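Here's the structure we're looking at; comments come further down.
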Amino acid sequence: MHDTSDLTCARQRTERIALLNDAARQGRDRTARIVMTSGLLAEFGGDTVAQSMMVQARLMAALRHCTFAPDSPERDFASMDVDGIKVLMKVDYYDTELAFGSEDPANPAMTQRVITLMRPADY
């Protein structure tokens, strides 16, 4: 049997991580990094720098407005459709040097978030 205070604490921690992930996705976390796989960018095409920038802008807009399934309470994984192409979004938690996993994703002082946008084949 679980202590209700333990469950409350776990829920608060999960919600804190979710809010930090939201801030990273929405561009409000200056330390977060957003990367797109080369396979994803290639799938969208774009022969010029301007076309490539427009693709990236559409992907960033989709990232900021994506929705999450109930099985992603930390809002760290999502699937979305952009221009008819399935795109996955995954948040990973690293230490501040990007060398190891973060010991506490709920603590922004010791966590750097890296958001990856990719094709399902890249996952």
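Quick check: the angle from helix 49-64's long axis to the longest principal axis of the chain, C-alpha only, nearest 10 degrees?
Rounded to the nearest ten degrees, it is 30.
Relative to the longest principal axis of the C-alpha atoms of the chain, give the angle of the C-alpha long axis of helix 4-25, reported between 0 and 90° and rounded to the nearest 10°.
20 degrees
Return the label of the correct value of Cα Rg over 2.2 N^0.38 Å, as calculated from the structure shown, out of (1) 1.03; (2) 1.08; (3) 1.17.
Of the labelled values, this structure produces (3).
Spin-label point model (7 Å from Cα, Cβ direction): what's the R58 to Q26 distance in nm?
Result: 2.5 nm between the two label points.
A short reminder: the numbers here are calculations on the coordinates, not readings from a lab. Source: prediction; values computed, not measured. Quick reminder, even Gly has a Cβ in these numbers, built from the backbone with ideal geometry, and neighbours come from all protein chains shown.
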